[in-house]
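Undergrad: Quick one: the structure is below, questions incoming.
The values are calculated or read from the model by the stated rules, or taken from the named source; none is laboratory data. Keep in mind it's a predicted model, so treat the numbers as computed, not measured. Positions of Cβ are backbone-derived with ideal geometry, glycine not excepted, and every protein chain shown enters the neighbour counts. Note: areas computed on protein heavy atoms with side chains; ligands, DNA, RNA excluded. Shrake-Rupley method; radii C 1.70, N 1.55, O 1.52, S 1.80 Å.
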Amino acid sequence: MRTTVNIDDSLLAEAKVVAARTSRSLGSVMEDALRAMLRRDAEERGRGEFRLPTHGSGGLQPGVDLEDKEALAELLGDNAGP
């Protein structure tokens, strides 16, 4: 598709240098630059702040010791033996 855009002169000059150095058309360089910017923007939106839902006043339940993996397994019911 053909379109007209206003581009800063120095930015256009840099894009022309990249096009010449890589033996590509100016349009191809501009398309790749736009794709990269749109992909980066989409990735940044996808990395939104993650919040783990919590209930109550927070903190550990009485008797829970995060340093004792055997006790945690027992509390979670993950200690099923043979």
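Undergrad: Could you go through region 64-77 in sequence order and give the Karplus-derived ³J(HN,Hα) for each residue, using 6.51 cos²θ - 1.76 cosθ + 1.60 with θ = phi - 60°, rounded to whole Hz, and x for Gly and Pro?
TA: So the J values, rounded to whole Hz, are 8, 10, 5, 8, 9, 5, 5, 5, 5, 4, 5, 4, 8, x.
Undergrad: Once you charge only the Cβ atoms, +1 for Lys and Arg and -1 for Asp and Glu, what is the size of the charge dipole of the chain about its Cα centre, to the nearest 20 debye?
TA: Roughly 880 debye, rounded to the nearest 20.
Undergrad: Which whole-Hz ³J(HN,Hα) couplings does region 54-62 yield from phi under the Karplus relation 6.51 cos²θ - 1.76 cosθ + 1.60, θ = phi - 60°, glycine and proline marked x?
TA: Per-residue couplings from phi come out as 10, 10, x, 8, x, x, 7, 6, x Hz.
Undergrad: Also: Largest first, what is the accessible-area ranking of Val29, Val17 with a 1.4 Å probe?
TA: From most exposed to least exposed: Val17, Val29.
Undergrad: So, counting K/R as plus one and D/E as minus one, what does the shell of residues with Cβ under 14 Å around Gln61 add up to?
TA: Residues close to Gln61 contribute a combined charge of -3.
Undergrad: In Å and from the alpha-carbon atoms only, list the Rg and Dmax of the chain.
TA: In order Rg, Dmax, the Cα atoms of the chain give 27.7, 74 Å.
Undergrad: Tilt of helix 26-46 relative to the longest C-alpha principal axis of the chain, in degrees (0 to 90, nearest 10)?
TA: Approximately 20 degrees, to the nearest 10.
Undergrad: Keeping all protein chains in position, work out how much accessible area Asp41 exposes to a 1.4 Å probe, and write it in Å² to the nearest 10.
TA: 70 Å²
Undergrad: Putting +1 on Lys and Arg Cβ atoms and -1 on Asp and Glu Cβ atoms, find which of Gly58, Ser10, Leu72 reaches farthest to the positive end of the dipole of the chain.
TA: Towards the positive end, the residue furthest out is Ser10.
Undergrad: Continuing with the same structure: Taking the 0 to 90 degree range and rounding to the nearest ten, how far is the long axis of helix 9-21 tilted relative to the main principal axis of the chain, both from C-alpha atoms?
TA: It is inclined by approximately 90 degrees.
Undergrad: Once the other residues with Cβ under 12 Å from the Cβ of Glu14 are scored (Lys, Arg +1; Asp, Glu -1), what is the net sum?
TA: Neighbour charge sum, excluding Glu14 itself: 0.
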